[in-house]
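Here is the structure we will look at.
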Amino acid sequence: MNCKVFSWTLRVITVLVLAAGTGAQAQAPSPRHFSGILNDYTAATGVGGPWEMHGSWSLKLKGDSGTADFSAVMTMEHPDYWVLANPSTPPAPATVDNPGARSPHTHHLTMTDAVVSYDPTVCPVDNPATTVRFVVTGQADITGNGTAAPFQTKGGVTTLSTLQVCITGGSEVTYSNVTLTFAAKTPATGHFGSLPIHGVVRLPHKTDDHDGDHDGDHDGDRR
């Protein structure tokens, strides 16, 4: 009799343990921190381009608040196409042996408490196609070589630019792609244009509560 009771108890404990494990998996936290890199070109028309863009970015979803913080750092310079198309641009001839003629410079972009949404129709279409995971939209503060970017500060008045960040993915990599798109007619479009800036998502970070200084320092890009 005791053996039957012990066997029954053991079965019950096993079922409870398996159920607890399944529940823990179902309630596993979704990623809240994301980071990655940017690599793209602007159009040639309307922005004095084309410009070549390389950088890194970081994004933090702020719990259930429906907001997020975003930051990016970027270098820009004219590519070879521009050099060949502008051989006599002052102050010095633009040749492949004159890197300074490419006008290299940096930008820092930050958004605080940007709005998180899930409308798939607002994001640019990728090829091959991706699925929109979430969208972050807010006002981007942008620097140029460490100072407020000239295009957003005129006559002593600073006007920020609306920026939309789309995180998308596929069937094998849930979070794989990122695009940055400035709203039409905002100050930043005079330099970056209004076409999406493309990049990639590194593996999202699931340990969130003890990495407060990870949000904007792009640690993931130094690994």
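The values are calculated or read from the model by the stated rules, or taken from the named source; none is laboratory data. Because the structure is predicted, anything quoted here is derived from the model rather than measured. Here the Cβ is made from the backbone with ideal geometry for all residues, glycine too, and neighbour counts use every protein chain on show. For accessibility, only protein heavy atoms count, side chains too; no ligands or nucleic acids. Shrake-Rupley method; radii C 1.70, N 1.55, O 1.52, S 1.80 Å.
Miscellaneous remarks
- Protection proxy ranking of 48-54, 172-178 - average other beta-carbon atoms within 10 Å, highest first: 48-54, 172-178
- Computed over the range 101-197: relative contact order in percent, which uses C-alpha pairs under 8 Å that are six or more apart: 24
- Anisotropy class of the range 47-142 from Cα gyration tensor, a/c 1.5 cut: prolate
- Counted residue by residue at 0.36 nm each, then reduced by the alpha carbon distance between them, the extension gain from residue 145 to residue 86 reaches 18.9 nm.
- With all protein chains modelled, accessible area of residue 123 [1.4 Å, Å²]: 20
- Accessible area (Å², per residue) of the range 44-170, counting only protein heavy atoms and a probe of 1.4 Å: 50
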